[in-house]
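Report on the following structure.
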Amino acid sequence: MMPLLVAQNHGLYHLSCVLLVLSILSVNVIGQACMNYGETSPSNPSSCLCPPGFGGATCAQPGCGGTIFDGSHRSLAQASSGFANLTASDCTCGSGWGGVGCNVCTTSSACQVGYAAVNGNASTTSGLDGQVGLNDTIVCNTAPAVWAAGELSCQVNNPTLEALYPLGSTLNILRTLNGSLSPLHNTSGTLLSPSTSSSIYAQLMYAGVEQFFCTASPCTQTLSNSTTTGSSGNTASSTWTCQNLSCSCIKNATFCGGVPVSNLTTTISGLTGTLVVACDSTNTCHFQQDTINSVFGSQGLSMEGCVFGECVTQAVIDTTNATSSAAATSGGTELSGGVIAGLVIVGAIIAFGLAFIAWGWYVQRAAKKLPFNGGQSGGISVRWSDISYIVQSPKSSPYSLISKSSIRGGKIILDSVSGNIESGQLMAILGPSGAGKTTLVELIAGKTKSGQCTGSITFPPYAPGRRPRVAFVPQSDILPSMLTVREALTFAASLRLPESLPASSKAELVSTVISKLGLDGIAETRIGATDGTGRGISGGEARRVSIGLELVSCPDVLVCDEPTSGLDSVSAFRIVKVLKELAREGGVTVSHQGSHGHRKGVAVICSVHQPSSRLYHTFDSVYLLSNGRTLYSGPGGLAPTQYFKHMREGGGAGADILPYEEGYNVADYLLDIASESPDISSMPLDNNAVGEVTLSVRSEEKADRGEDVEALLSKQNLAQGMYVATFLTQLQVLCGREWKVLKRDKTLFVAHVCVACVLGIFCGGLYYQANLTIAGFQARIGCIFFMGSLIAFSSLSALYNIVEIRPLFLRERSNWYYSPTAWLLSRLIFDVIPLRIIPTITVCTITYWMAGLANDAVHFFKFIFVIVLYTLVMTLFNFLLGTLFRNGGIAILLSALSALYQMTFAGFFVHLASIPPILRWLQWLCPLKYTLEAISINEVGSGLMINDTLQGVPVNISATLIMQLLFGFGLNNYYRDILVLFSFIAVFGVAVVAVVWLRVRERR
């Protein structure tokens, strides 16, 4: 399964992996005049002051029998094979003393007898700081807490160590809190701590022989639980935290070169930094340091069967117990820097969100208080003069992708066309396919075009440069399929009418538009898919709904692109009839109080492909295009036939014009002329074919009132940049629509949740209750990797949703319904939460508990937190791809490839350190790598220990070591990984907003 398991038949190799962190290759012998951190005696430079329990010229010999009060006169263990050996010396402890070396008191009488044997009847408080005159009775404190200076002796029982060193190992520790308060402070030849500071002295004894010794100073003691006084002292649990740890090996001792294959000298000498000795009332202690924790787990090296003993006066206990008890019961655990940083970030996000909501509410409230101008609209004419539109032809030059296009070599779509329409008129723009009809109506409507425009468009009586409300109905019906007709119109009215207009007035306006368009019978019917893939309203009804979406904004000019295309003759005539009524009567305006009345006439311009005779005669005026040139602009009916008859009779180029046959469809006749006589001259600007008022624009009027088309379009976009609705209103309305869609179309949500449950059960069953062996640990990481990969691929549905809803967003954004930011927030709320986060939490929760991962709430919620962050990263990444590429296939391909890339560089299949340097940097761009590392650290941080047997050798080590060996993850990288995932979220979020604002816009 993984490289380590391949070598199961090589026990020595496994053993070397387990002991790798112990660094058993080199020997670094430290020699010094006084062993065990003793100090040279000021009165006798040839002798040493030794810690209690040691003596001899160099403090290298442990005490043998006697008591700790004997000091330099205490009998010592004799050397055996070059080392002082307590076992070989057959040392036995006197009554009331215990522990290896007999340094731990067990009864108060032992302390009293031992003190009296050396000091006679001298007061035990003599020379003690501030204790004279108090109760000087010596007692033996056998609790973990220390009052002055206490000894402890523990058995080191670890299967891995016992496999290497099968004889008994014992750790003796002297903890000195305040040496001046201990009866030992005046003992001859005894050193409690340097400069009377708090300290720890520790010695490891193996088979009665000292192997190495350590010291750390200064120290602080933290107590917990209850405290009692008496001969037993304080029963509180005690945790000692000491700085400046330093350890030294004894040359050629068993641990330090006596067995060359397991020489620990370098490792022991490298133990530095902070030392923590935590003891509880169950006679268990933990020796904790970073290197030791990485081998034996977060609890460090466990020691069992500990005995505690401290000879101390009752006066010391009485005077310090109250303070110690208060400190023991008052505190809690200090928050780490990472937790504080996380709380600050979360608090900042919450504060920003609340401030944003408050600001939005204030702006919304101010907008509702503005006076509503329910005045008349309409009565606007449209005039265009010398409009030309050129599309750049593709170039083969490699620089064409980055250089600005020029007009030369472009395709001419419109060639100096001119015309006008008065308010209250209905104009039909006719011409064969490719004549430029759609281009002209889009330019009039102010749509953004990709080509280059010249000419002028004005809207009398508006001053040049100003633009009225121009509504545009596109050729295709892009509608929200899950809303009813009334809901769709209400949505448009809520965003396109002033907020000062009450909701009741907007609802009345919507009802009026529904009645005017003849949609009363289907007002409560869902629109459905307009592409025929879903049931809903008919094509003609959908076209009227599209017109209604523009009418609710009370436009001055209505422009429709082929409103009759794809409809039968009856539906087409009904559409044009509605447009005729709108042109004559205008729309309906609603005042602040709700009253309504007729507006002025509206100019309605429609491009029509091939109208029937009945449909043709509905139009007031006709505008005929051919190859981008104007062939006719004037009244409708039979007037065009009279104009072309006049041209044919005039001779010249018009002689080839086909004659009109009575009863023939005039529209078909005009299309025949535009298709078969493309070389006839354009209609002169001053021509008056049938005695009607000239419909073209005079050149002097152009000079006085004209405006360049590109400048006009940019000014219009700038002017319309102020959305009618405030941002908070936009977000509320969008969220309301998304909620309705989610309630009515439950298939996607139910599918995600059901699939999550199935996959959770499958994955949980696959890794069910992974054991604590090396293979089991690999299975745990594999389970985490599987869930990360599942999230990476399941988030592809977010990309598809963006691609699917993109056309509707483009139409609504081009009509200034809402800002892209409001749309993105609504998508984030109603796509990420129900379709990403809830299914992710479902599958991960099921898998987590079935697989038997760290079974406590803290580590579970940290796991969920990381998974949710990764879900947000992948969702935003797919949002970015979905908005960046119009082709959904390309976006899906890139998303799938990125998921495979993440799986490669996550550290599961390939050890990160073994990746070639030229490719290794790619791991830093892999979100799954940070996710897998953070969750793995969270898992081993729960104190996970590996209990395995390799070729008969028991292994009991921390899972941290295996994690570092197999995957190369750093133990202290959890909060770094969290911050990196937040950075990915921020970068992708900003990128999505930027792309939507700059690229996802309608461009025709």
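Filter segment 796-840 for residues that are of a type in the set (D, E, K, R) and open to solvent by less than 40 Å² (accessible area, probe 1.4 Å) and give the result. Result: Arg806, Arg811, Glu812, Arg813, Arg827, Asp831, Arg836.
Each residue in segment 641-653 was checked for being surrounded by fewer than 17 Cβ atoms within 10 Å (Cβ to Cβ) and in a helix (DSSP H, G or I), and 6 of them qualify.
Of all residues in segment 847-872, those that are open to solvent by 60 Å² or more (accessible area, probe 1.4 Å) and touching a helix residue (DSSP H, G or I) at 6+ places or on another chain (Cβ under 7 Å) total 1.
So, in segment 574-611, exactly how many residues are among the charged types (D, E, K, R) and either open to solvent by less than 10 Å² (accessible area, probe 1.4 Å) or at pLDDT 85 or above (or both)?
First, pick out the residues of segment 574-611 that are among the charged types (D, E, K, R): 574, 577, 580-581, 584-585, 599-600.
Restricting the remaining residues to those that are either open to solvent by less than 10 Å² (accessible area, probe 1.4 Å) or at pLDDT 85 or above (or both) gives 574, 577, 580-581, 584.
Qualifying residue count for the region: 5.
Selection of segment 600-640 for residues being more than 16 Å from Asp668 (Cβ to Cβ) and in a strand (DSSP E or B) yields Ala603, Val604, Ile605, Cys606, Ser607, Ser621, Tyr623, Arg629, Thr630, Ser633, Gly634, Pro635.
The criterion of at least 3 residues that are crowded, with 22+ Cβ neighbours inside 10 Å and under 21 Å from the mean Cα position of the chain (by Cα) is met by the following helices (runs of 4 or more DSSP H) wholly inside segment 926-1004: 927-940, 974-998.
Go through segment 532-545 and give me each residue that's open to solvent by 20 Å² or more (accessible area, probe 1.4 Å) and out of contact with any strand residue (DSSP E or B) (no Cβ under 6 Å at 6 or more places or on another chain). It would help to see each step written out before you state the result.
Restricting attention to segment 532-545, the residues satisfying the condition of being open to solvent by 20 Å² or more (accessible area, probe 1.4 Å) are 532-539, 541.
Passing the criteria: Gly532, Thr533, Gly534, Arg535, Ile537, Ser538, Gly539, Glu541.
Evaluated against (1) assigned to a loop (DSSP other than H, G, I, E, B); (2) modelled with pLDDT of 85 or more; (3) within 30 Å of Leu483 (Cβ to Cβ); (4) not basic (Lys, Arg), Met722 falls short on exactly one condition, (2).
Report the residue count in segment 756-785 for those that are within 17 Å of Ala854 (Cβ to Cβ) and open to solvent by 10 Å² or more (accessible area, probe 1.4 Å).
Initially, segment 756-785 is screened for residues within 17 Å of Ala854 (Cβ to Cβ), giving 763-764, 767-773, 776-785.
Within this subset, residues satisfying the condition of being open to solvent by 10 Å² or more (accessible area, probe 1.4 Å) are 767-773, 779-780, 785.
Of the residues in segment 756-785, 10 are within 17 Å of Ala854 (Cβ to Cβ) and open to solvent by 10 Å² or more (accessible area, probe 1.4 Å).
Say whether the condition of being under 60 Å from the mean Cα position of the chain (by Cα) and either outside any loop (DSSP other than H, G, I, E, B) or modelled with pLDDT of 85 or more (or both) is met by at least one residue in segment 89-96. Looking for residues that are under 60 Å from the mean Cα position of the chain (by Cα) and either outside any loop (DSSP other than H, G, I, E, B) or modelled with pLDDT of 85 or more (or both), one finds none in segment 89-96, hence no. Leu670 meets all of the listed conditions (1) hydrophobic (A, V, I, L, M, F, W, C); (2) free of Cβ contacts under 8 Å to residues at least 24 places away in the same chain; (3) assigned to a helix (DSSP H, G or I) but one, namely (2). On inspection, Ala529 does not qualify as surrounded by 15 or more Cβ atoms within 10 Å (Cβ to Cβ) and more than 22 Å from Ile380 (Cα to Cα).
Looking at Ser500, Ser571, Ser505, which is the one that is at pLDDT below 90, part of a helix (DSSP H, G or I), farther than 24 Å from Ile805 by Cβ and in contact with a Phe, Trp or Tyr (Cβ under 9 Å, 6 or more places away or on another chain)?
Answer to the check: Ser505.
With (1) under 30 Å from Phe296 (Cα atoms); (2) at pLDDT 85 or above; (3) small (Gly, Ala, Ser) as the list, and Ala891 as the residue in question, which single condition is left unmet? That leaves (1) as the condition not met. Here Gly528 fulfils each of the conditions (1) over 23 Å from Pro371 (Cα atoms); (2) under 40 Å from the mean Cα position of the chain (by Cα); (3) of a type in the set (Gly, Ala, Ser); (4) part of a helix (DSSP H, G or I) apart from (4).
Here are Thr40, Thr107, Thr58: which of them is over 60 Å from the mean Cα position of the chain (by Cα), β-branched (Val, Ile, Thr) and closer than 24 Å to Glu310 by Cα?
Numbers: Thr40 fails: closer than 24 Å to Glu310 by Cα; Thr58 fails: closer than 24 Å to Glu310 by Cα.
From the options Thr40, Thr107, Thr58, the qualifying one is Thr107.
Just one of (1) under 30 Å from Gln730 (Cα atoms); (2) at pLDDT below 90; (3) not β-branched (Val, Ile, Thr) trips up Leu881, so point out which. All conditions pass for Leu881, except number (2). Taken together, the residues in segment 65-88 that are more than 16 Å from Gly114 (Cα to Cα) and either assigned to a loop (DSSP other than H, G, I, E, B) or among the small types (Gly, Ala, Ser) (or both) amount to 10. A Cβ distance below 8 Å, combined with a sequence gap of six or more or placement on separate chains, defines the contacts here; from segment 468-486, residues that are without any contact (Cβ under 8 Å) to a residue 60 or more places away in the chain and polar (S, T, N, Q) reach residues that are open to solvent by less than 20 Å² (accessible area, probe 1.4 Å) and in a loop (DSSP other than H, G, I, E, B) in the pairs Ser481/Ile527; Ser481/Gly528; Thr484/Ala523; Thr484/Ile527.
All conditions in (1) open to solvent by 20 Å² or more (accessible area, probe 1.4 Å); (2) aliphatic (A, V, I, L, M); (3) in contact with a Leu (Cβ under 6 Å, 6 or more places away or on another chain) hold for Val510, with the sole exception of (1).
The values are calculated or read from the model by the stated rules, or taken from the named source; none is laboratory data. Owing to the predicted nature of the structure, the values given are computational and were not obtained by experimental measurement. Positions of Cβ are backbone-derived with ideal geometry, glycine not excepted, and every protein chain shown enters the neighbour counts. We work out accessible area using only protein heavy atoms, side chains counted, and drop any ligands, DNA or RNA first. Shrake-Rupley method; radii C 1.70, N 1.55, O 1.52, S 1.80 Å.
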